[in-house]
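Notes for the one structure printed next.
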Amino acid sequence: MRASRKNSREIVEAGLARRRRKEAAFRASGMLATAVGVIFLGVFFATLVMQGASAFKQTFIKLDVEMSASVLAPDGKLDLAYADFDGLVRNALRKEFPDVSGRSERRELYRLVSIAAGYQLRDMVAADPSLLGSTSTIWVPASSNVDMLIKGNIDPEIDESLRPINDAQVAWVESLQENDRLETRFNTALFTNGDSREPELAGIRGALMGSFYMLIVTVALAFPIGVAAAIYLEEFAPRSRWSDLIEVNINNLAAVPSIVFGLLGLAVFINWMALPRSAPLVGGLVLSLLTLPVIIIASRAAIQSVPPSIREAALGLGASKMQVVFHHVMPLALPGMLTGTIIGMSRALGESAPLLMIGMVAFIVDVPGGFTDPATALPVQVYLWADSPERAFAERTSAAIIVLLGFLLIMNLAAVIIRKRMERKW
Amino acid sequence: MTETKITEEKAMPEAGPVEPAGEFAAQKPNGAAARKVVDRVTEFGEETVGEVRCENPFVISENVNVYYGDNHAIRDVTLEIGRSEVIALIGPSGCGKSTYLRCLNRMNDSIESARVTGTITLDGRDIYSSDLDPVALRARVGMVFQKPNPFPKSIYDNVAYGPRIHGLAADRAELDDIVHTSLDRAGLLKEVKDRMDEPGTGLSGGQQQRLCIARTIAVNPEVILMDEPCSALDPIATARIEDLIDELSEDYTIVIVTHSMQQAARVSRRVAYFHLGRLVEVDETDKIFTNPQHKLTEDYITGRIG
Amino acid sequence: MQNLTLILVLAAMAGGAFYMGRRRSFAVVGGPAHSAQLHSLPGYYGYFTLIWCLLPALGLFLLWVLLEPKVIVALIVESLPDAQRTMSAGELNLLVNNIQNLAAGDAISGEIDTVMRDAADRFNEYVAASRQMLAMLTLGLAGLGGAIALRRIRPEFRARNRVEQVVLYLLIAASSIAILTTIGIVLSVLFEAIRFFREVSVTEFLFGLTWSPQTAIRADQVGSSGSFGAVPLFAGTLLITAIAMVVAVPVGLMTAIYLAEYSSSRIRAVAKPLLELLAGIPTVVYGFFAALTVAPWVRTAGESIGLQVASESALAAGLVMGIMIIPLVSSLSDDAIHAVPTAMRDGALGLGSTRSETMIKVILPAALPGIVGGILLAVSRAIGETMIVVMAAGLAANLTANPFEAVTTVTVQIVTLLVGDQEFDSAKTLAAFALGLMLFVVTLCLNVLGLTFVRKYREQYE
């Protein structure tokens, strides 16, 4: 025995170096794998912020606009709907650059300013008709191409034919800059406007409101139903094939592709129940079905974590089963249920595939004012803008994503805080 | 397991002298002064009583301390374990005997917060020195656990696992040989030789534990650590394992942690009594059970401390 | 808005019913001082009255609101002159739509004739009448229910048991919604798919090699019959799923192993939430990233080594999808690894295994069923993933295994076929439901299989 022991010790020692190398390689590959996810996250957020941060700023141009009555009301009557406010802007631009002549050159000049300038003037005159005939110095939003140039997203050094803004326009912008007639400010339009074909006018307010209405429907349906279902399954359901079936079914529903829920919504809510297309109501219904399994599973876990001794104590005092559940178990399980609901809501907020099915993907300019108005949702807005070819929309897409992720982060933090604050150790 | 024990220890009141020192002094036999280390019982009872040294020492611990974070789990343990000796570690739960056992093959390494000070040498080499690979150490110091833990593999693969990872067998025939010999030594060969391909988890509890012993001796270790190897077994299976330990003691140094004083009395030559992380008393088995020197030891073996 | 008012009135009535029921319970025993004579606490008599007041009325309300549009449209169609009633379904549909728009005062396409004008007026009349009837009936029913409940209140009346019974039924109803959802999914895709298979044979759909769903508007146009061979879609879906799995499975598994076995608790405390963050990013955002950042990058990288890469290559979509799935694989693998008893790990380490040997030879084989179950769930997730492929994969149904070419997937085609305006019963639209059925069946099988693996495995070590 002794001799063979010495022998085996030698064998073990001999193999050690090779085994240590393998161990190190295995460990390194584990570290690498962990790094992949973390690095992706870093690259992802860096790209996003780099692309999207500039969208929170918008370039404005200072113009001296003469609210000339001869342009606005050539026949002496001012009709706000038809008055040529754009003409005022054009005049102001011509005055700024008097040596620009020729139709096509002038048209190029007019393109420096967003069409929003006309609306801005109209609103000013509508609010204060006495402005008519006066000259006022105002800041109007620049067109998206000027905006992109200022933000450095268009390189003026590359060949003229390769960029959407020509040499003459670049020169005008530079002259505006020299005269302090150009500056970038916080982009309020991004948060106050609905969607638009013009990037400098497009905002996420419509999408935000659509998401908001949808989440209200979702939480109003999914939370009570989810909690009720969890209570029944945990506290009342007899252990039978039926409850097993429900159990399997809920777990499976949680893993059904979300687009299938969209098909359900299209077939049942829109075609069969004839609910309106593109409405937050339908979106909310679909999303509540989608989040229901998440809430049920989380609520059941919360109920399970309430120790049986509490139930027994209450039952022992003569409370009915229902009283035990609603007076003792529910309050104790509530933090877990709320956490699960918030997680479910954050999933609903980020969901877009099923919404495409029920028509929430339309181009909608108006901000929805109710549950049945046509609307879109924040993630769908991201999808829509991501499809647009303009460089300015790519920037806004990133900005919309930042806002979306901000909301998701807040919701998840709320969930964590609720869990930490109200968590009990048994 | 270790971690639960730590919490138990935390929950216990801080260690303190149960009896005034005078009583210990009165009990102390005169011959004790001649002994090498322990000839004095302080007021706090911090010194080990009895004989920590032995002839032909193989595993030597000097002033071993183990910390789990801020928790001081093992305090100043000095102990020699002889070649081909069976030594039993006894003591109330949470006393640190398992923790000490796991120091001997560095199983505590995998616990992040664990820290070991002092020296432990195996055959003269410091097992905590940086140039010693715990892998090689564990090939020399095998371990049998409290609950039988065969791998979810066949009986054959369970026993062949160690020789395979260490490359001990040159070919299949040699591997077969190692597996058969090991199973034979563990007294399991007759029962399983027709079903070597069946899963090891299908055996009875006692058989599983013998399989784990076979698995351990297949690596050809010099020391076998046993952490309450019979606590999950019925009396008949326990008796078989005890017989097995007896047989194995010819070739192996065996350190066994046990809850059962009868078991310690049956299988071991020496007994070490641990209490709240301290090694209270070590001596020949007979001496410990018939004439314990320390009040705590006496309390434990007479059943006053459980 | 009118419905909202009605709901508010109903809620107010329910509150009143509660109050009256409670008061009545005191009255029948002669004052609050004697409430001990009641069988149940006074509040339960209030709840009992409330339930009787609210539930039937609410049920009627929902039923009415659901059926009202259909009934009114049917009545309008009934009242149209024969010339219009005999029109084809599509034209009739358009006419009804126009009438509704006219009634709502919206701009409509086409001429407005007297027939439509009359119909629109009638439509408005019917709606107004229906609203009146609804309000009267609902509030009447609420009052009646409350009154009946009040009359039944006696000291010995078991109000608590009745209320609890109703609550129990409500709980049962809530829990069966999950079942109803599944049934709804199955029925909605099944019915439309069956209609599709009446026009296109099942074998052509399942085994046909060409997918071009463009059907012409007129039957005599060239290329009028679309072809619905879905094999290119299945192949495209599998290709992208395979790429995603090649990324997600090793990376996810190794991440789980590293975090479980090697990393210090500090690294774990940072890496785990970061991975959860990865799991929380909406898929549309991944899609944006795939289409605008990864796809051009893959293209440049491919071309720099002389490869032809399509701008919407399967590789870009698959890579990003793989990253999206990493957290799913790693968390399920982590569960599986942690479910293996530590005794196994100790046993292997005690025999002198290195950590990697312990992991590869003992823990992973023991955790294998759990890991396989997790991978099946991940595959199901990849197959059903929509936004990434809609944004980053192509529309062209190429039958190829080359990851640098553009392929299309089942989900992409469902979206393409259903987004935009089209008639609901063309083969093109119905094809989307047939694809949906395939998608549902395949993911259902994967999910059930995966969940069974995971659960069986968990039970094994419990």
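Read-outs throughout are calculated quantities, based only on the coordinates presented, and are distinct from any laboratory measurement. Not measured: the values here are computed from a predicted model. For neighbour counting, all protein chains shown are included, and Cβ atoms are generated from backbone atoms with ideal geometry for every residue, glycine included.
Which angle from 0 to 90°, rounded to the nearest 10, does the C-alpha axis of helix A:2-52 make with the longest principal axis of chain A? The answer is roughly 30 degrees.
For peptide C:292-302, the mean count of partner chain Cβ atoms within 10 Å of a residue's Cβ comes to 1.
Quick one: putting +1 on the C-beta of Lys and Arg, -1 on the C-beta of Asp and Glu, what dipole do you get for the protein assembly as shown around its Cα centre, in Debye to the nearest 20?
Details: 104 positive and 120 negative charges, 568 e Å.
Charge dipole of the protein assembly as shown: 2720 debye, to the nearest 20.
Give the residue list of GluC sites (Glu not before Pro) in the stretch B:176-250 that are DSSP loop and have at most 14 other beta-carbon atoms within 10 angstrom.
Numbers: sites: B:Glu191, B:Glu222, B:Glu242, B:Glu247, B:Glu250; in loops: B:Glu222, B:Glu250.
Counting only loop positions with at most 14 other Cβ atoms within 10 Å, the GluC sites (Glu not before Pro) in the stretch B:176-250 are B:Glu250.
Taking every full run of DSSP H in chain C, the ones that stretch at least 27 Å from end to end by Cα along their long axis and average 0.0 or higher on the Kyte-Doolittle scale are C:2-29, C:42-79, C:114-152, C:159-199, C:231-257, C:314-339, C:364-384, C:427-460. Taken along the Cα-to-beta-carbon direction at a fixed 7 Å, the label points for A:Ser196 and A:Ala28 span 5.6 nm.
Roughly how many Å is it from the Cα centre of the stretch B:188-204 to that of the stretch A:63-130, as a whole number? One Cα centre to the other: 96 Å. With θ taken as phi - 60° and the Karplus curve 6.51 cos²θ - 1.76 cosθ + 1.60 applied, the whole-hertz 3J(HN,Hα) list for the stretch A:292-302 is 3, x, 4, 5, 4, 5, 5, 5, 5, 4, 5 Hz, x standing for glycine and proline. In this structure the amide hydrogen of B:Gln146, modeled in the peptide plane, comes within under 5 Å of the amide hydrogens of B:Asp227, none closer than 5 places in sequence on its chain.
Report D for chain A in µm² per second (integer): Stokes-Einstein, Kirkwood Rh on Cα pairs, 4 °C, 1.567 mPa s. If you can, show how the numbers build up before the last one.
Working: Rh = 26.8 Å.
Rounded to a whole number, D works out at 48 µm²/s.
Between helix A:205-231 and chain A, what is the angle of the helix's C-alpha long axis to the longest principal axis, kept within 0 to 90° and rounded to the nearest 10? Long axis of A:205-231 versus the principal axis of chain A: about 20 degrees. Eigenvalues of the alpha-carbon gyration tensor of the stretch A:2-53, scaled by 5 and square-rooted, set the equivalent ellipsoid semi-axes at 49, 6, 4 angstrom, largest first.
Across the cross-link table entries B:Lys147/B:Lys193; A:Lys420/B:Lys97; A:Lys6/B:Lys287, which are compared at the Cα atoms, the separations over 30 Å belong to A:Lys420/B:Lys97; A:Lys6/B:Lys287.
Looking at the stretch B:69-153, which GluC sites (Glu not before Pro) are in a loop (DSSP not H, G, I, E or B) and have at most 15 other Cβ atoms within 10 Å? Walk me through the numbers on the way to the answer.
On the way: sites: B:Glu80, B:Glu85, B:Glu112; in loops: B:Glu85, B:Glu112.
For GluC sites (Glu not before Pro) across the stretch B:69-153 that sit outside H, G, I, E and B with at most 15 neighbouring Cβ atoms in 10 Å, the list reads B:Glu112.
Classify the stretch C:13-66 as rounded, prolate or oblate from the Cα gyration tensor: take a ≥ b ≥ c as the square roots of its eigenvalues, call it rounded if a/c is under 1.5, otherwise prolate when a/b beats b/c and oblate if not. Mind showing how you got there, number by number?
Numbers: a/c = 4.92, a/b = 3.35, b/c = 1.47.
Note, shape of the stretch C:13-66 comes out prolate.
Applying Stokes-Einstein at 20 °C and 1.002 mPa s to the Kirkwood radius of the stretch C:44-125, computed over alpha-carbon pairs, gives a translational diffusion coefficient of 144 µm² s⁻¹.
Rounded to whole Å and ordered largest first, report the semi-axes of the equivalent ellipsoid of the stretch C:2-157 derived from its Cα gyration tensor (root of 5λ).
Numbers: eigenvalues 502, 31, 20 Å².
Calculated on Cα positions only, the semi-axes equal 50, 12, 10 Å.
The 3J(HN,Hα) values that the Karplus relation (6.51, -1.76, 1.60; θ = phi - 60°) gives for the stretch B:58-71 are, in residue order, 10, 10, 10, 9, 10, 6, 7, 10, 10, 10, 10, x, 8, 8 Hz. Gly and Pro appear as x. Of the peptides C:228-241, C:6-19, A:383-396, A:85-98, the order by per-residue mean of other Cβ atoms within 10 Å, starting with the highest, comes out as C:228-241, A:383-396, A:85-98, C:6-19.
How much net charge surrounds A:Met148 when only other residues with a Cβ under 14 Å from its Cβ are counted (Lys, Arg +1; Asp, Glu -1)? Intermediate values should be presented prior to the final figure.
Numbers: positive: A:Lys57, A:Arg111, A:Lys151, A:Arg163, A:Arg391, A:Arg396; negative: A:Asp147, A:Asp155, A:Glu198, A:Glu200, A:Glu390, A:Glu395.
Residues close to A:Met148 contribute a combined charge of 0.
Distances between every pair of Cα atoms in the protein assembly as shown, grouped in 10 Å steps from 0 to the bin holding the largest one, split as 2, 7, 13, 15, 15, 15, 12, 9, 6, 4, 2, 1, 0, 0 percent.
Averaged over the residues of A:168-176, the number of partner chain Cβ atoms lying within 10 Å of the residue Cβ comes to 0.
Among the trypsin sites (Lys or Arg not before Pro) found in the stretch B:199-306, those both in a DSSP coil and sparsely packed, with 12 or fewer other Cβ atoms within 10 Å of their Cβ, are B:Arg304.
Within the protein assembly as shown, DSSP assigns beta bridges of which about 65% are antiparallel (rounded to the nearest 5).
Relative to the longest principal axis of the Cα atoms of chain A, helix A:378-387 runs at roughly 60 degrees. In plain terms, if you count all Cα to Cα distances in the stretch A:56-192 and split them into 10 Å steps from zero, the share in each step is 11, 41, 34, 13, 2 percent.
Spatial offset of the stretch C:329-365 relative to the stretch A:149-228 amounts to 52 Å, using the alpha carbon center of each. For a modelled paramagnetic label at C:His39, 7 Å from Cα along Cα-to-Cβ, the residues of the stretch C:143-177 in reach, with backbone nitrogen under 13 Å, are C:152-165. Annotation: extensible slack from B:Glu198 through B:Asp131 equals 20.1 nm (criterion: 0.36 nm per residue apart, minus Cα-Cα distance). For the protein assembly as shown, build the charge dipole from Cβ charges (+1 Lys, Arg; -1 Asp, Glu) around the Cα centre, then report which of A:Phe186, C:Thr386, C:Met20 sits farthest towards its positive end. Towards the positive end, the residue furthest out is C:Met20. Bridge orientation summary for the stretch B:169-306: considering DSSP beta bridges with both residues in this region, about 55 percent are antiparallel. Within the shell defined by Cβ-Cβ distances under 11 Å, the residues around B:Pro148 carry a net charge of +3, with Lys and Arg each +1 and Asp and Glu each -1.
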